[in-house]
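Take a look at the structure below.
The values are calculated or read from the model by the stated rules, or taken from the named source; none is laboratory data. Please read all numbers here as calculations on a predicted model, not as lab measurements. Virtual Cβ from ideal backbone geometry, glycine too; neighbours counted across all protein chains shown.
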Amino acid sequence: MKNAHPSTEREPGTLGRLYSLILPYRTTVAAGLACLILSVAAELYPPLVWQQVVDIGLAQRDWTYIGWQLAVLVLVFGLGQVCSAVRGVLLERAGQQLTLDLRLRMHAKLQSQSAAYFAQRRTGDLLARLTADVESVQDVLIRGTDSVVANALRVFGVAAIFIALQPALGLIVLLPMLLVGLLLMRYNRRVRPVYRAARRRLGELSAQISDNINGVRVIQAFAQDRRVAAALERIGRELYGQQVRAVMLRNRVFPLIRWVANFGNVLMLGGGVWFIMRGQFTLGGLLAYRGYGRYFYGPIDDLVNINDLLQQAAAAGRRIFEVLDADVSIADAPGSRALPAPLRGDIRFERVSFGYDPARPVLHDISLHIRPGERVALLGPSGAGKSTLLALVARLYDPDAGRVSVDGHDLSEVTLASLRAQIGQVAQETFLFNTSAFENLRFGRPDASRAEAEDAARAANAHAFLAALPEGYDTLVGERGVKLSGGQKQRLAVARALLTNAPLLLLDEPTSAVEPESEALIIEALERLMRGRTTLIVSHRLSLARSADRVVVIADGRIAEDGPPGELMARPGSRFAAMLAADTPEALVGPNGQE
């Protein structure tokens, strides 16, 4: 699979793409920023009142003038608070909508990916990208942007006021800001790779925790608690090391940046006094300068911190775009058509070769024809390629060579939805969602009624145990169906397949992971399920193979035998006969006694 590699992208490009995510919400954001401008203007007004009151009101002892200035100040304060509140609501709404939409986009992209994509990635890391990375991006894009714009307005607004009140003094006070900019650029170059490494470690940590939680029973069963904890601690300490390194860099550079920025206070006081003594400035003007100090140096301090958040968001953004930019290897081709329904179930493999790793093929030049309504058992040792054939029929993968067709339609030319909607599947490991048994049962057909679901459960020999659950069909089955036994989960899976009424069935080891007392009930249910449907069966239970119309033996990725069970049993040196004698599909003994 080809994946996009944002790592080759320069950081400004990543940040530019991040900020382009705001575009769908530009109207709300623009309204919020308009309120922001008004609220900042209201913040910057009071020191001018101090200047006017001192230089004019007090100098002329004009109490009326002073009273009007104070009244206007009260109104400005009120306007500022109203605008600030409206701005907060608008920007938060945009931020939450951005977070929701971005997560849905990432989820939709992941849902469209093939099995090969997930085989190369860890679930915990993908979850970290959907949660922590998106949250980090939202913090910067909305809250960070709000803070950046507000503080930038304060800084530039105050700088303009400084120059307007006393041009020479204003330029002197602004000089240290040039050095602040240079220090920030140098810091960004050094801290950027540290934040990237920290994000990678965070993804690894999330993936490891997810693995440990899912495999807790195995960990406990083999008494590997300490080893697993030590491995987790190692990743955690690597993350800790990267985060501490970033903190050390920040705390070496930021104090110097703050010291340089606040040196402007010294220039302000010394220069202001000097200009007043020369008659080129007023006491009210210097008082206004001092009042604006907190609007100038405070925002600079905030901008320095926000710059740090930008570097973290850029690292998170790269991980998000790795998901969004990844190629989808299994997708509807341009001009794809819906597969006609219902299917007849005529399946053809025409010189099909395939390998999960192209350098190590699993299937070699397979040609196989399954006729409508035929029940075909695929047998062979583990790794022979049996389950791979089923995956190719469901188009979880595309063949490297040759083609797979259903009813004469090349699967690469039909829509995935129209194909998979007509396939019922029962796998070796039944996945159940953490919801009610009823919702799990009708997952493939959400509009099914309770009566239809119960009829399917009866046909699958599942009704008795479902009805006996504490809340019957409405009982929550737990994560991955943990509250049910293996046999119960398999019978529920058979009922789920029955309810979809799909014309094509793929059964992949449907009875291998169940207790003996459940096997007979499951096989009886499978017999009902397979009736009148084209069925491909991969099974280590030879009882299912005996009742098949045909048996296809796969060995080393090739078809070794193909024919009705009775015919193969009577054939001298038959591999299938050897399996029956050994009572296992693993016993693939050829005519010369060779494996």
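Look at region 462-490: where a residue is under 20 Å from E452 (Cβ atoms) and a partner is surrounded by fewer than 16 Cβ atoms within 10 Å (Cβ to Cβ), sitting 6+ places away or on another chain with Cβ atoms under 7 Å, you get L466/G472. Just to be sure, is G271 small (G, A, S) and closer than 18 Å to P193 by Cα? For G271, the condition - small (G, A, S) and closer than 18 Å to P193 by Cα - is not met. Filter region 179-225 down to the residues that are in a loop (DSSP other than H, G, I, E, B) and either surrounded by fewer than 12 Cβ atoms within 10 Å (Cβ to Cβ) or more than 26 Å from the chain's Cα centre (by Cα) (or both), then identify the one that is modelled with the lowest pLDDT. Among residues in region 179-225 that are in a loop (DSSP other than H, G, I, E, B) and either surrounded by fewer than 12 Cβ atoms within 10 Å (Cβ to Cβ) or more than 26 Å from the chain's Cα centre (by Cα) (or both), the one modelled with the lowest pLDDT is F222.
Inside region 148-175, can you point out the residues that are within 30 Å of V323 (Cβ to Cβ) and buried (at least 18 other Cβ atoms within 10 Å of the Cβ)? Give the steps one after another, and end with the answer.
Initially, region 148-175 is screened for residues within 30 Å of V323 (Cβ to Cβ), giving 148-149.
The one that is within 30 Å of V323 (Cβ to Cβ) and buried (at least 18 other Cβ atoms within 10 Å of the Cβ): V148.
The set of residues in region 82-110 that are polar (S, T, N, Q) and out of contact with any Cys (no Cβ under 9 Å at 6 or more places or on another chain) comprises Q96, Q97, T99.
Just checking, does region 281-299 include any residue being of a type in the set (V, I, T), surrounded by fewer than 18 Cβ atoms within 10 Å (Cβ to Cβ) and either outside any helix (DSSP H, G or I) or modelled with pLDDT of 80 or more (or both)? Before you say what the answer is, go through the steps one by one.
As a first pass, look at region 281-299 and keep what is of a type in the set (V, I, T): 282.
Filter again for surrounded by fewer than 18 Cβ atoms within 10 Å (Cβ to Cβ), leaving none.
Checking region 281-299: not a single residue is of a type in the set (V, I, T), surrounded by fewer than 18 Cβ atoms within 10 Å (Cβ to Cβ) and either outside any helix (DSSP H, G or I) or modelled with pLDDT of 80 or more (or both).
Among helices (runs of 4 or more DSSP H) entirely within region 98-175, having at least 2 residues that are β-branched (V, I, T) singles out 134-138, 145-165, 167-174. Restricted to region 464-493, and to residues there that are closer than 21 Å to Q425 by Cα and surrounded by fewer than 19 Cβ atoms within 10 Å (Cβ to Cβ), the residue that is modelled with the lowest pLDDT is R480. Restricting the first member to region 150-176 and to residues that are farther than 23 Å from R278 by Cβ, and the second to residues that are crowded, with 19+ Cβ neighbours inside 10 Å and hydroxyl-bearing (S, T, Y), the beta-carbon pairs closer than 7 Å and six or more apart or on different chains are R154/Y295; V158/Y292; V158/Y295. Among the residues of region 26-38, is there at least one that is more than 34 Å from the chain's Cα centre (by Cα), at pLDDT 85 or above and closer than 30 Å to L286 by Cβ? Among the residues of region 26-38, at least one is more than 34 Å from the chain's Cα centre (by Cα), at pLDDT 85 or above and closer than 30 Å to L286 by Cβ, which makes the answer yes.
Residues in region 276-294 that are within 18 Å of F156 (Cα to Cα) and hydrophobic (A, V, I, L, M, F, W, C): 1 in all.
Could you tell me whether V273 is within 30 Å of R290 (Cα to Cα), exposed (fewer than 14 other Cβ atoms within 10 Å of the Cβ) and in contact with a helix residue (DSSP H, G or I) (Cβ under 9 Å, 6 or more places away or on another chain)? Criteria met by V273.
Inspect region 229-251 for any residue being under 30 Å from E479 (Cα atoms), exposed (fewer than 14 other Cβ atoms within 10 Å of the Cβ) and over 26 Å from the mean Cα position of the chain (by Cα) and give the result as yes or no. Checked region 229-251: at least one residue is under 30 Å from E479 (Cα atoms), exposed (fewer than 14 other Cβ atoms within 10 Å of the Cβ) and over 26 Å from the mean Cα position of the chain (by Cα). Kindly establish whether F465 is among the aromatic types (F, W, Y) and not in a loop (DSSP other than H, G, I, E, B). Criteria met by F465.
Of all residue pairs spaced 6 or more apart or on separate chains, those with beta-carbon atoms under 7 Å, a first member in region 560-572 that is touching a residue at least 40 places away in the same chain (Cβ under 8 Å) and of a type in the set (A, V, I, L, M, F, W, C) and a second member that is assigned to a strand (DSSP E or B) and surrounded by 14 or more Cβ atoms within 10 Å (Cβ to Cβ) are A560/V553; A560/I554.
Scanning region 332-339 turns up one or more residues that are of a type outside the set (A, V, I, L, M), assigned to a strand (DSSP E or B), surrounded by fewer than 18 Cβ atoms within 10 Å (Cβ to Cβ) and on the phi < 0 side of the Ramachandran plot.
The set of residues in region 381-391 being over 16 Å from A119 (Cα atoms) and touching a residue at least 40 places away in the same chain (Cβ under 8 Å) consists of P381, S382, A384, G385, K386, L389, L390. With the requirement that a residue be buried (at least 16 other Cβ atoms within 10 Å of the Cβ) and either at pLDDT 85 or above or basic (K, R) (or both), what does region 1-20 give you? Hit for region 1-20 is R17, nothing else.
Is it fair to say G80 is at negative phi, modelled with pLDDT under 80 and of a type outside the set (D, E, K, R)?
Details: at negative phi: yes; modelled with pLDDT under 80: no; of a type outside the set (D, E, K, R): yes.
So G80 fails the test.
Look through L98, L126 and report the one residue that is buried (at least 17 other Cβ atoms within 10 Å of the Cβ), at pLDDT below 85 and of a type in the set (A, V, I, L, M). Walk me through how you get there before you give the answer.
On the way: L98 fails: at pLDDT below 85.
The conditions single out L126.
A search for C-beta distances below 6 Å between a residue of region 56-71 that is more than 19 Å from A42 (Cα to Cα) and any residue that is assigned to a helix (DSSP H, G or I) and aromatic (F, W, Y), counting only pairs 6+ apart in sequence or on different chains, returns G57/Y65. Restricting T388, T430, T435, T415 to those that are at pLDDT 85 or above and within 26 Å of the chain's Cα centre (by Cα) reduces the list to T415.
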